[in-house]
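The values are calculated or read from the model by the stated rules, or taken from the named source; none is laboratory data. Only a predicted model underlies this, so the values are computations on that prediction, with no experimental measurement involved. We place every Cβ from the backbone using ideal geometry, glycine too, and count neighbours over all the protein chains shown. These accessible areas exclude ligands, DNA and RNA; they are computed on the full protein's heavy atoms, side chains included. Shrake-Rupley method; radii C 1.70, N 1.55, O 1.52, S 1.80 Å.
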Amino acid sequence: METPLTAPIETDAVVIGAGPVGLYQVFQLGLQGIHAHVVDALARPGGQPVELYGDKPIYDVPGLPTVTGQALADQLMQQVSPFKPTYHLAHRVSALAVQPDGRFLLTTHRGLVLLTRAVFIAAGVGAFVPKKLPVPALVPFEGTQVLHHPPLTLDVADRTVVVAGGDQAALDWALAIATNRQTNGVCSVTLLHRRDVIQADAQSLARMNALCASGELVFKVGQVVGVTQAVGEPAAMAGLQISGPDGQTVVLNADLLVVMQGISPKLGPLTDWGLAMARKQLTVNTETFETSQRGIFAVGDIVTYPGKKKLILSGFHEAALAAFGAAPYIFPEKKIHMQYTTTS
């Protein structure tokens, strides 16, 4: 973990989770005049709908007959933008402690420290953590030359890039870099998968074949089993040892490995925060969606109560009630009036 900041960042509210419900929570807080910091383990907003089915249609969002996971996230980001939330992406909350004045001190695994009056847990089924390759030799290079699900805005100039993965997300990452290879100044791009079949849509596969034919992209079948280090620079990775389908090991030049092996949800330290739970979900007061800890609220798939339905629209309803429930803690001297958003 990085060294914590010398002083915490003070804010009205912290929302843990940047999925659809977390983003809508930010919007509802904004309507109350409450500024929020948003923490999410993933490198981009959108949560499960973006990471697992970003290009697939969703049919049960009110007012939207059909919308993809990515489009829903984009519209929610646009909706909350007037309230200027602060995002801390690729951060996982590792500790939460109640302070003597009733506020909460949150620390992330990367050393970020936040001090807030209210916490909103919108973590879905848990923090989505990228799956890692089971290769111990890669560990010393994580965060520098081995990256898991990084954003497409990553600077890859003068890098020899290998993307490890066989699904749509991995192919999208490889295509984005290979398509703009000359602009990005990247030396080469290789897509590596243990099988010769990529699970992606037909249009993306056609683009992949065209880029492979032109030499802008290389597709290789195999698995990473080790690394080679740069001569005279033991702390630098110069290549990857790849085991092919024939069992032979070859060396593939690479100074950047982008691992796109999917993600898996983990509750992580949330279970250590002393909050009442039932079947790995938080129990709440359905009037305010406050948890067993005063000032900590929870919404979305992370909560359970009689009649609970794991639907996006249910999470939106919960977020609205949680915002009203928290407002008296954040503005104790202010009387909260229910208003229609058309006149607010």
Checklist entry - Cα convex hull of the range 192-290: how many Å³ per residue? => result 233 Å³
Checklist entry - How much net charge surrounds residue 209 when only other residues with a Cβ under 14 Å from its Cβ are counted (Lys, Arg +1; Asp, Glu -1)? => result -2
Checklist outcome for this item: So the carbon and sulfur contribution to the accessible area of the chain, 1.4 Å probe, in percent, is 53 percent
Item to check | Per residue convex hull volume, Cα atoms of the range 98-228, in Å³ | outcome: 166 Å³
Checklist entry - Does anyone have the angle between helix 69-80 and the longest principal axis of the chain? Alpha-carbon axes, 0 to 90°, nearest 10? => result 50 degrees
Checklist entry - If you roll a 1.4 Å probe over the heavy atoms of the protein chains, what accessible area per residue do you get for the range 270-327, in Å²? => result 47 Å²
Checklist outcome for this item: Quick tally, 1.4 Å probe accessible area for 26, 284, sorted with the most first, runs 284, 26
Next on the checklist: With only alpha-carbon atoms in the gyration tensor, what are the semi-axes of the equivalent ellipsoid for the range 95-144, in Å, largest first?
Outcome noted: 31, 15, 7
Checklist entry - Can you list the equivalent-ellipsoid semi-axes of the chain, largest first and in whole Å, using the square root of 5 times each Cα gyration tensor eigenvalue? => result 41, 23, 18
Checklist outcome for this item: Under the 7 Å Cα-to-Cβ spin-label approximation, residue 230 and residue 81 lie apart by a distance in nanometres of 3.9 nm
Checklist entry - Dipole of the chain, Cα-centred, from +1 at each Lys and Arg C-beta and -1 at each Asp and Glu C-beta, to the nearest 20 debye? => result 580 debye
Item to check | Mean-position separation - Cα centroids, the range 171-194 and the range 222-242, in angstrom | outcome: 19 Å
Checklist entry - For residue 188, what accessible area in Å² do you get when you roll a 1.4 Å probe over the heavy atoms of the protein chains, rounding to the nearest 10? => result 40 Å²
Checklist entry - Sequence-distant or interchain residues sharing an amide H contact under 5 Å with residue 87, placed H: which? => result 38
Checklist entry - Considering only the other residues whose Cβ falls under 13 Å of the Cβ of residue 301, what net charge follows from Lys and Arg at +1 and Asp and Glu at -1? => result +4
Checklist entry - Over the range 70-138, what relative contact order in percent results from Cα pairs under 8 Å that are six or more residues apart? => result 18 percent
Next on the checklist: Angle check, please: helix 20-31 long axis (alpha carbons) against the longest principal axis of the chain (alpha carbons), in degrees 0 to 90, nearest 10.
Outcome noted: 40 degrees
Checklist entry - Largest first, how would 308, 335, 132, 220 line up by accessible area (1.4 Å probe)? => result 335, 132, 220, 308
Next on the checklist: What are the equivalent ellipsoid semi-axes of the range 242-327, built from the alpha-carbon gyration tensor (square roots of five times its eigenvalues), in whole angstrom, biggest first?
Outcome noted: 43, 14, 13
Checklist entry - Among residues other than residue 103 whose Cβ falls under 14 Å from its Cβ, what is the net charge (Lys/Arg +1, Asp/Glu -1)? => result -1
Checklist entry - Tell me, what is the per residue accessible area of the range 45-165 in Å², probe radius 1.4 Å? => result 47 Å²
Checklist outcome for this item: So, relative contact order of the chain in percent, Cα under 8 Å, 6 or more apart, is 19 percent
Checklist outcome for this item: The farthest towards the positive end of the charge dipole of the chain, of the residues 154, 46, 252, given +1 on Cβ of Lys and Arg and -1 on Cβ of Asp and Glu, is 46
Item to check | With all protein chains modelled, accessible area of residue 131 [1.4 Å, Å²] | outcome: 100 Å²
Checklist entry - So how exposed is residue 24, as accessible area in Å² (1.4 Å probe, rounded to 10)? => result 50 Å²
Item to check | Helix axis angle, 202-214 relative to the chain longest principal axis, alpha carbon, degrees | outcome: 40 degrees
Item to check | Accessible-area ranking of 110, 103, largest first, probe 1.4 Å | outcome: 110, 103
